Amino acid sequence: MRGRKQKFEVQETGAVSKAIILVRVSSKDQEDGHSLDAQRDRLIRYCDKKNFDILEIFTITESSTRGDRKKFMEMLDFAKRQKGTVAIVADAVDRVQRSFKDSVYLDELVRKDKIELHFYRENMIIGREASASDHMRWDFCVLGAKSYVMQLSENVKRSIDYKIKKGEWYGPAPLGYLNQRDERGNSVIVVDQLRAPLLKRMFTEYASGAYTLGQMQQRCKEWGLRSKAGVELHKSTLYRIVQNPFYYGDMLIKGEIMQHCHEPLVSRNVWEDCQAVLRGWEKKPFLYGGKDFLFRGLLTCAVTGRVVSSDTKKKSYKNGTTAEFTYLVTWNPENPSKKFWVREDKVAAQVEAALERITIKDHEMMTAAIAAVKEANKVKQESHNREVGLLKKEHSEIQAKLDRLVDLLAEGVLPPEDYRTKREQLKKRQHDLVNLIHAYDDADNMFGSTMEKLMKVAMGAHKAFLSSSVEEKRELLNFVFSNLTLKGETLCYSYNFPFNNFENLDDCSKWRRK
């Protein structure tokens, strides 16, 4: 009852009796800490001590220096709608403002007796009756807050510049990498062991030229490759990933390419192959680019040299039924100015016959082929292990030298200028070694994929073609044939190595030599 009476008496004298509490932090990171709760508890106790009726508690997570501060303005609009003067109670001046632009607006509301500012930490009240000294203290506090945030901003900029000079990425890690903290609490970027292998596979398969980005999107969905938020990757996301130089060892900073020190996921050669494929698909002159046409982008006209496009047409029969056929649109050998339509299945039949001719049917030949693949894999693996082992050994030796450089610097034996020069030389070599190791890994992956396709063809290219999906058929065509052209209804081609040696083999000893 005593409290109620005091509130009534204060109200009768015209003093402030109502309050709004402002609790603010400047980033999402602080929401999860104790900052909000601590502010709220202190300010509630302050209002109790002042016998204020708390109308509302505004909890705001926004910067006081950037943006239009929507939540902050909502709080002021709420205060203006109240009858009488309302106390806005905040933990400190910098919780309300960090610039002078807010002072003008707040001062106007104070002079109109709409609000009274209570700053807990500064033990300061700014109302209509506040003295010039109080206003000066307020301005000084705002100036201090302003200088603090400017210095903080400069420190962040310097920190970012320093990280860039060291070749470190400063923002959110690209897909395939994770932002983490090391044992010293420093922000570091590490390879995402869950998504990185799938991204490597995506780059390698897209570099083969057998898939569009739309098809790669479907493959990524089948593999389970998703964003860090668990969302399926959109085609536009894959477009940005394929173009990002970060994955081979460079980073794009304000339009400038510079080397980074993080572990690349692919070699530069694979990345550049992806760019070539991307440019090729972007310039495709054929229709229905999104459809799974078998020969899309693979055939050129032997007469004009233009890309053969695909089209679908419906045919109606006398019994009322209709059927849809795919046609290849080329140019007439007799009259190159006129287009010429060829049924896709007729050309596919010629492909099947060509694949049948390179299938190894002799058991002794097949046994020799399997032995040859095994021997090639053994030699490759020995070479791979030896070369990668040497590269890793050199990488470890350089790391030991880098550690020794720090000791020499600390002991005063090595001047700072010499330390920086030697460190940069060693770190550059380490970066080159990591790229080389990834290049060997990419080559190893490509070797395994090539051997798999080679045996698939040798053991029955014709059957493999018939039982494959459209995507797999296109990949097989890229692997087996070169210079696929269409002259009227006739398919013209040549075999890639080693299939040019497989055709019509009937002499086992001759095949072995080849």
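The values are calculated or read from the model by the stated rules, or taken from the named source; none is laboratory data. Computed from a prediction, not measured in an experiment: that's the story for all the values here. Using ideal geometry, Cβ is built from the backbone for each residue, glycine included, and neighbour counts are taken over all protein chains shown.
Consider the range 112-160 and keep the residues that are loosely packed, with under 11 Cβ neighbours inside 10 Å and modelled with pLDDT under 70. The one that is nearest to K80 (Cα to Cα) is Q151. Selection over the range 252-279 of residues that are more than 17 Å from L238 (Cα to Cα) and crowded, with 20+ Cβ neighbours inside 10 Å gives a count of 4. Picking from residues in the range 280-300 that are modelled with pLDDT under 65 and more than 17 Å from T326 (Cα to Cα), the one that is surrounded by the most Cβ atoms within 10 Å (Cβ to Cβ) is W281.
Is there a residue being touching a residue at least 12 places away in the same chain (Cβ under 8 Å), farther than 28 Å from L477 by Cβ and touching a Gly at 6+ places or on another chain (Cβ under 6 Å) anywhere in the range 247-257? No, the range 247-257 has no match at all. Here the range 126-140 is the region considered, the condition is being of a type in the set (D, E) and farther than 16 Å from I88 by Cα, and the residue that is farthest from the chain's Cα centre (by Cα) is D134. Just wondering, is there one or more residues in the range 50-71 that are modelled with pLDDT of 90 or more and assigned to a loop (DSSP other than H, G, I, E, B)? Within the range 50-71, one or more residues are modelled with pLDDT of 90 or more and assigned to a loop (DSSP other than H, G, I, E, B).
The residue that is nearest to Y239 (Cα to Cα), counting only those in the range 180-220 that are in a strand (DSSP E or B) and in contact with a Phe, Trp or Tyr (Cβ under 9 Å, 6 or more places away or on another chain), is V191.
Are any of the residues in the range 255-267 at pLDDT 85 or above and more than 27 Å from I437 (Cα to Cα)? No, the conditions are met nowhere in the range 255-267.
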